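For reference, the structure discussed in these notes is given below.
Every number here is computed from the coordinates shown, using simple stated rules; none is lab data. If you're wondering where the values come from, they're calculated on a predicted model, not measured in any experiment. Cβ coordinates were reconstructed from backbone atoms using ideal geometry, including for glycine residues, and neighbour counts include every protein chain displayed.
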Amino acid sequence: MDASKIVDFNKAIIDSFIEELRPPADKRDQIDIGYKLVSKAYEFSEIRPDWMDASKKMEFPFAKIRYVKSQKVWKLYWMRGSGKWELYPELSDSESLQEVLQIIKEDKLHCFFG
């Protein structure tokens with residue numbers, strides 16, 4: 001199987017997940033949710049206007065997922081108040097991207113959405 005097709009499939013799943021999390025269109029200038037690929041990991045962020053200059057947007061990362069190809073598992077990280085990433089305590093590894101995204105969405109430990 002072509003590796004680029006796997007990435008595209010994962011991207012489609014993540015795009016759909018982000019759309020579920022995003023606020024209504026009329027609120028997105030005040031708060032939004034997005035993601036980007038950073039060093040082979042998907043980093044999810046809250047996007048808000050800068051409090052000093054509303055024309056500038058600031059991103060506040062809250063979750064990161066990384067696929068470890070050698071182990072065939074996804075790892076989930078959360079952003080600590082110190083600004084450092086830490087493995088999510090309730091999940092060691094998962095073979096399922098959907099499971100990891102569901103954990104973020106449920107946020108049982110209030111690590112991602114406060």
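For this structure, a couple of remarks:
- Taking amide H atoms as placed 1.01 Å from N in the peptide plane, the amide H of Met58 lies under 5 Å from those of Arg48, Asp50, each 5 or more residues away in sequence or on another chain.
- Net length gained if the chain between Gln30 and Arg48 were fully extended (0.36 nm per residue, minus Cα distance): 5.9 nm
- Angle in degrees between helix 3-21 and the longest Cα principal axis of the chain, rounded to the nearest 10: 40 degrees
- Entry for mean projected area of the Cα convex hull in nm² (calculated from the structure that is shown) out of [x] 7.6; [y] 10.2; [z] 8.2: [z]
- Acute angle (nearest 10 degrees) that the helix 97-106 long axis makes with the longest principal axis of the chain, alpha-carbon atoms: 40 degrees
- Within the same chain, lysines fewer than 8 places from Lys40 are excluded, and of the rest, those with a Cα less than 28 Å from its Cα are Lys5, Lys11, Lys56, Lys57, Lys64, Lys69, Lys72, Lys75, Lys84, Lys105, Lys108.
- FRET efficiency estimate (nearest 0.05) - Cβ-Cβ, Phe9 to Leu37, R0 22 angstrom: 0.95
- Spin-label pair Ser70/Ser96, simplified geometry with 7 Å Cα→Cβ offset, distance in nm: 2.7 nm
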